[in-house]
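Novice: One structure is given below, represented as structure tokens, and several questions about it will come after.
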Amino acid sequence: MSLPRHIAVIDIGKTNAKVVLINSGTREQVAVRSTPNVVRRDGVYPHADVEMLWRFILDSLTVLHAEHKVDGISITTHGATAALMAGDALAMPVLDYEHNGPEETAVAYGAARPDFTETLSPRLPNGLNLGAQIFWQAQMAEIAGVTAILTYPQYWAWRLTGVMASELTSLGCHTDLWAPGKSDFSSMVAAQGWTGLFPTVKPAASVIGYLTPQAAEETGLTTDVPVTCGIHDSNASLLPHLGAHEAPFTIISTGTWTIAMTVGGDTTHLDPARDSLANVDAFGRAVPTARFMGGREFDQLVPENKTPSEADIAKVIAEDIRVQPNFNPGVGPFPAAIGHWTRPAEELTAGERTAAVSLYLALVTAACLGLCGLGKEIIIEGPLARNALFAQALAGLTGVKVSASGDATGTSLGASMLFGGGEGHAAVGVPVVALDVPGLDAYAQRWRAAI
């Protein structure tokens, strides 16, 4: 099959959903449509509004095809999400992973879940372990009524093609369901009687099928448009870089989550109590990973995002205006810490506030690198690649080469490259000059000492 020219990437993040059209020849973004990804609060528990998203996907494909022609479709979504199917319908709503319902069965689940040494998946709060979601849902309804479990990218692939599959990157992202060492489902899956509910595992970089007649009719596309199996979003950010840099190297994938992944690193320093784990890349290899909710915290702490001046940065460092972790308890390298400012935030200008939070995100990211390993170079993907102070501070704190990717979403390019395999085609990022402000090292030392 020839490489599709225009690839529509369905990119469902925790905060926003997008359909991005990528030119496979130039690897440039041609067009994008987006919508907030709003959690529904009706029904038995908070859940994804899959019908709203489905309508958005179909409408976006219709417009993009009419304007540019869509030749292929690829899919990437956030992790910790699955669709429990009963035949060709949802058996239960698609659970929002931030819901605390799974805590109701936490004690029983703690006894059932595999050890960290088997899965490299730490115990996380609420529904961040996909296995905990399924375990809790199984107590709510008869699991025998569920005929299949589809991880989230593959749910959307099924809606487009009618073909069901499982896939490694979504199974291997802190789910407790996958054992990277043996490249197979974890012992818990068989013990809980779930083995037969997961469809055959297929590569992310494979064509799962072609548009159904109904989807083709609703969008104006044809039934010979290929659809990839799909990929977990942080692994989509990672994919273009595999084989393109000397290992070990670190990718910082940013969005709602800031996720540090060190390709070629080892897993010996991972700490399950500090939100560090191994993701599984598109080729089934364990990748040491550490993360925190960087995008969520930036939005919480910066009501007005204003690029800080040199004077703003200098003042924040000289006057020791710090943000201390953690504003989303239970996740990140400091899960038990209570977030606070060393000076009331309302006393600061917008630029000073943005400067303090950008430095804070760089410091937490550097702490993550102490867990997953620091590569010979760092490449920043996604929204934080546009935050110059974050990138400069990270370069100054780590002492290694840092570059900022020009990919606006951090995931769309990688997902588009599922057509053709995608390994080793990363664009050259913009080199970052390390922050050189008197007092930065002492500022960082005080920040660490205060945790």
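Coordinate-derived values only; no laboratory data. Quick caveat: nothing in here was measured; it's all calculated off a predicted structure. Cβ atoms come from the backbone with ideal geometry, glycine included; neighbour counts cover every protein chain shown.
Novice: Tell me which residues come under 5 Å, amide H to amide H, from residue 31 once H is placed; ignore anything under 5 positions away on its chain.
Specialist: So residue 31 has HN proximity to 21.
Novice: What is the dipole size for the range 6-229, taken about its Cα centre, with +1 at each Lys and Arg Cβ and -1 at each Asp and Glu Cβ, in debye to the nearest 20?
Specialist: Computed charge dipole of the range 6-229: roughly 280 debye.
Novice: Before anything else, pin down the relative contact order of the chain: Cα pairs under 8 Å, at least 6 apart, normalised by residue count, whole percent.
Specialist: Normalised by residue count, the contact order of the chain is 15 percent.
Novice: Among 402, 186, 416, which residue has its Cα furthest toward the positive end of the charge dipole of the chain, with +1 on Lys/Arg Cβ and -1 on Asp/Glu Cβ?
Specialist: Sorting the options by dipole projection puts first 402.
Novice: Within 10 Å of each residue's Cβ, count the other Cβ atoms and sort 412, 170 from fewest upward.
Specialist: The most exposed by this proxy come first: 412, 170.
Novice: Check residue 201: other-chain or 5+ apart residues with amide H under 5 Å from its amide H, H built from backbone geometry?
Specialist: 166
Novice: State the answer as a single residue: which of 354, 215, 199 lies farthest towards the positive end of the charge dipole of the chain, with beta carbon charges of +1 for Lys and Arg and -1 for Asp and Glu, about the Cα centre.
Specialist: Farthest towards the positive pole: 354.
Novice: Now a separate question. Would you mind counting up the charge near residue 99? Only other residues with Cβ under 15 Å from its Cβ, with Lys and Arg at +1 and Asp and Glu at -1.
Specialist: Local charge sum for residue 99: -3.
Novice: Take 232, 65 and order them by how many other Cβ atoms sit within 10 Å, fewest up front.
Specialist: In increasing order of surrounding Cβ atoms, one gets 65, 232.
Novice: With just the Cα atoms of the range 236-449, tell me how far they stretch along each of the three principal axes, in Å, largest first.
Specialist: 52, 34, 28
Novice: In addition: Enumerate the aspartates and glutamates that residue 182 could reach by cross-link, defined here as Cα to Cα under 16 Å, with residues fewer than 8 away along the same chain left out.
Specialist: Straight-distance partners of residue 182: 115, 118, 167, 281.
Novice: While we're here: So what's the chain giving for Rg/Rh, alpha carbon basis, Kirkwood Rh from the mean inverse pair distance?
Specialist: Using only Cα positions, Rg/Rh for the chain is 0.96.
Novice: For the residues 135, 283, what sequence is obtained by ranking on other C-beta atoms within 10 Å, fewest first?
Specialist: Ascending Cβ contact count within 10 Å gives the list 283, 135.
Novice: May I ask for the equivalent-ellipsoid semi-axes of the range 6-229, computed as the square root of five times each C-alpha gyration tensor eigenvalue and listed largest first in whole Å?
Specialist: With the √(5λ) rule applied to the range 6-229, the semi-axes are 31, 18, 16 Å.
Novice: Counting each DSSP H run of 4 or more residues in the chain as -39500 (n - 2.57), what helix-only mean residue ellipticity at 222 nm follows after dividing by all residues, to the nearest 500 deg cm²/dmol?
Specialist: Estimated from H runs of four or more residues: -9000 deg cm²/dmol.
Novice: Charges only on Cβ, +1 for Lys and Arg, -1 for Asp and Glu: so what's the dipole of the chain about the Cα centre, in debye to the nearest 20?
Specialist: Values: 28 positive and 44 negative charges, 69 e Å.
In debye, rounded to 20, the chain gives about 340.
Novice: Here's another thing I want to ask about it. Taking the Cα centre of the range 236-449 as the origin, how large is its charge dipole in debye, to the nearest 20, when only Lys and Arg (+1) and Asp and Glu (-1) carry charge on their Cβ atoms?
Specialist: Dipole about the Cα centre, nearest 20: 200 debye.
Novice: If one takes the longest principal axis of the Cα atoms in the chain, at what angle in degrees, from 0 to 90 and to the nearest 10, does the Cα axis of helix 50-68 lie?
Specialist: 90
Novice: Just to be sure I understand: of the beta bridges DSSP finds with both ends in the range 236-449, what percent are antiparallel, rounded to 5?
Specialist: If we restrict to bridges inside the range 236-449, about 70 percent are antiparallel.
Novice: In addition: Thinking of the range 144-215 as a set of Cα atoms, what percent of all their pairs are more than 19 Å apart? Numbers along the way, then the final one.
Specialist: Numbers: 915 of 2556 pairs.
Counting pairs separated by more than 19 Å, the tail of P(r) holds 36 percent.
Novice: Hey, can you grab everything whose amide H is under 5 Å from the amide H of residue 92? Only 5+ residues off in sequence or another chain; H modelled, so Pro and N-termini drop out.
Specialist: Here 84 satisfy the definition.
Novice: So, one more: Among bridges DSSP assigns within the range 1-156, what percent are antiparallel (round to 5)?
Specialist: Details: 24 of 30 bridges.
Bridges in the range 1-156 that DSSP calls antiparallel: roughly 80 percent.
Novice: Tilt of helix 440-449 relative to the longest C-alpha principal axis of the chain, in degrees (0 to 90, nearest 10)?
Specialist: Taking Cα atoms only, the helix is inclined about 70 degrees.
Novice: Okay, next question. Taking the dipole about the Cα centre of the chain, with the C-beta of Lys and Arg at +1 and of Asp and Glu at -1, give me whichever of 301, 372, 337 is farthest to the positive side.
Specialist: Of the options given, the answer is 372.
Novice: Hey, with R₀ at 56 Å, roughly what FRET efficiency would residue 305 and residue 206 work out to, going by the Cβ-Cβ distance, to 0.05?
Specialist: 0.90
Novice: Over the chain, what is the percentage of antiparallel beta bridges among all DSSP beta bridges, to the nearest 5?
Specialist: 75
Novice: Set the Förster distance to 41 Å, then compute FRET efficiency between residue 139 and residue 450 from the Cβ-Cβ distance, nearest 0.05.
Specialist: Efficiency computed from Cβ-Cβ geometry: 0.50.
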